[in-house]
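K.L.:
My questions will all concern the structure given below.
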Amino acid sequence: MRATAWTRGDVLLAGGGAVALAATAEAAWSLRARFALDLAGLSALERAGVALWDFRPVPMALCAAGVVLAYFGLRESPGRLAALHVRARPVLAVLAAAQAALAFVVLAFAGWMAAVGRVGGRDELGFVYSGSERLVTLLTQVVACLPLGLVLALLAVLLSRPEIAPEPALEVQPLSPPVSLFAEMDELWRERLAFGPRREQARALLLRIRALEEAGDDDSARELAEKMRSL
């Protein structure tokens, strides 16, 4: 038995999924390293601000690229990875939604930190950021995280929708050729009029109907057909 062939959809789904997973792992590792810093003197909100406001968007961009490739792979015909085509959609939706949420959180903290300029007190652990650092960081995060967040959110919505199977095409039945008036009257003649007292009159009408149909005079043929039915 011949094995199922690989398709372009399989390659796009496998490659895009691998890139998205690797990017998500990189983002998780970077987040863990940032929150592992000893910031005990700060509140939870301040610790999150210090850790996230200048978070680099490269893992989010790689995840978006991988999810886009995988999404186009899901729209192709499956091959050997047909089972993966079914299971990958919700996983990719979760990855895209998580990265979109991270992008918007980073953007929010970038705006907050750019506005306040410092966290912590003077006599304890604190951070002070210069005006140029805040401006550059805010602008770069807006340029990077805003479009990435929107794209990832859109992908999450598209992937979370149930896939609608295409409706089978309706089989068009060939139209049967219309029955000629002569054939209809000939059947009437054979079934009823050929054995009645007016068979000669009916036979004459039948011959005239055929001649009129061959001549293209359908109206006159229908009139004679009505007379023949009334015999």
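K.L.:
Here are some residues: Val128, Val136, Val151, Val119. Which one is out of contact with any helix residue (DSSP H, G or I) (no Cβ under 8 Å at 6 or more places or on another chain), at pLDDT 75 or above, farther than 30 Å from Arg229 by Cα and surrounded by 11 or more Cβ atoms within 10 Å (Cβ to Cβ)?
P.N.:
Only one candidate passes the filter, namely Val136.
K.L.:
Right, here's the next one. Which of the residues spanning the stretch 50-79 are modelled with pLDDT of 90 or more, more than 22 Å from the chain's Cα centre (by Cα) and of a type in the set (A, V, I, L, M)?
P.N.:
Val58, Met60 - these are the residues of the stretch 50-79 that are modelled with pLDDT of 90 or more, more than 22 Å from the chain's Cα centre (by Cα) and of a type in the set (A, V, I, L, M).
K.L.:
Further question on the same structure: Could you check Glu46 against (1) open to solvent by less than 80 Å² (accessible area, probe 1.4 Å); (2) modelled with pLDDT of 90 or more; (3) not in a loop (DSSP other than H, G, I, E, B) and say which number it fails?
P.N.:
That leaves (2) as the condition not met.
K.L.:
Within the stretch 1-30, can you find the residues that are exposed (fewer than 14 other Cβ atoms within 10 Å of the Cβ) and part of a helix (DSSP H, G or I)?
P.N.:
Within the stretch 1-30, Arg8, Ala18, Ala25, Ala28, Trp29 meet the criteria.
K.L.:
Sort out which residues of the stretch 213-231 are among the small types (Gly, Ala, Ser) and either more than 14 Å from Phe182 (Cβ to Cβ) or open to solvent by 70 Å² or more (accessible area, probe 1.4 Å) (or both), and write them in order of number.
P.N.:
Across the stretch 213-231, the qualifying residues are Ala215, Ser230.
K.L.:
If you go through the stretch 55-74 one residue at a time, do you hit one that is under 24 Å from Val151 (Cα atoms), open to solvent by 60 Å² or more (accessible area, probe 1.4 Å), out of contact with any strand residue (DSSP E or B) (no Cβ under 7 Å at 6 or more places or on another chain) and in a loop (DSSP other than H, G, I, E, B)?
P.N.:
Within the stretch 55-74, one or more residues are under 24 Å from Val151 (Cα atoms), open to solvent by 60 Å² or more (accessible area, probe 1.4 Å), out of contact with any strand residue (DSSP E or B) (no Cβ under 7 Å at 6 or more places or on another chain) and in a loop (DSSP other than H, G, I, E, B).
The values are calculated or read from the model by the stated rules, or taken from the named source; none is laboratory data. Please read these numbers as outputs of a predicted model, since none were measured by experiment. In this analysis, Cβ positions are derived from the backbone assuming ideal geometry, glycine residues included, and neighbour counts consider all displayed protein chains. Side chains included, ligands, DNA and RNA excluded: accessible areas come from the protein's heavy atoms. Shrake-Rupley method; radii C 1.70, N 1.55, O 1.52, S 1.80 Å.
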